[in-house]
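Worksheet: the structure to be examined is printed underneath.
The values are calculated or read from the model by the stated rules, or taken from the named source; none is laboratory data. Computed from a predicted structure; not experimentally measured. Here the Cβ positions follow ideal geometry from the backbone for every residue, glycine too, while neighbour counts run over all protein chains shown.
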Amino acid sequence: MNLTTLNKKYNTQFKCLTYLEQLRWGKGRKRKVTCALCGSDRITKRKGTIKYHCNKCNSDFSVLYGTIFQDTRAGIRKLNCLKVNRC
Ligand SMILES: [Zn+2]
């Protein structure tokens, strides 16, 4: 898959983040979101955001926590996350 194909397939921030979540936490029945800070699986999705809330340590985090994209102000898609992620 080349860069043009990647940009067409993951052409929105939502698609890009969904893909990153699948890489980090799995998908389907194997999907298991765990807290990026304490590892707990007592997680609640924050509606309308990309964030999750940990009910154990009371922290909010997203799939970007602990990655090179964590503090970026540019949109994840602009950084071509998929290509960087595969390096
Ligand atoms: Zn936690």
Inset, instruction - Would you mind finding the one in 47, 51 that is at pLDDT 90 or above, surrounded by fewer than 15 Cβ atoms within 10 Å (Cβ to Cβ) and under 15 Å from residue 14 (Cβ atoms)? - result: 47
Legend entry - Residue satisfying all of: in the stretch 10-35; of a type outside the set (Ser, Thr, Tyr) and touching a Cys at 6+ places or on another chain (Cβ under 8 Å); modelled with the lowest pLDDT among these: 16
Legend entry - Close pairs from the stretch 13-37: first free of Cβ contacts under 8 Å to residues at least 40 places away in the same chain and closer than 13 Å to residue 66 by Cβ, partner hydroxyl-bearing (Ser, Thr, Tyr) and within 16 Å of the ligand (Cβ to nearest atom), Cβ under 6 Å, at least 6 apart: 36/65; 37/59
Legend entry - Candidate set from the stretch 44-56 (those that are of a type in the set (Lys, Arg) and assigned to a loop (DSSP other than H, G, I, E, B)); member that is nearest to residue 68 (Cα to Cα): 46
Inset, instruction - Name every residue in the stretch 28-54 that is within 8 Å of the ligand (Cβ to nearest atom) and of a type in the set (S, T, N, Q), in order of residue number. - result: 40
Inset, instruction - Examine the stretch 71-84 for a residue that is of a type outside the set (D, E, K, R), surrounded by 12 or more Cβ atoms within 10 Å (Cβ to Cβ) and either on the phi > 0 side of the Ramachandran plot or modelled with pLDDT of 90 or more (or both), and state whether such a residue exists. - result: yes
Inset, instruction - Can you give me the number of residues within the stretch 1-43 that are under 24 Å from residue 56 (Cβ atoms) and either hydroxyl-bearing (Ser, Thr, Tyr) or outside any loop (DSSP other than H, G, I, E, B) (or both)? - result: 12
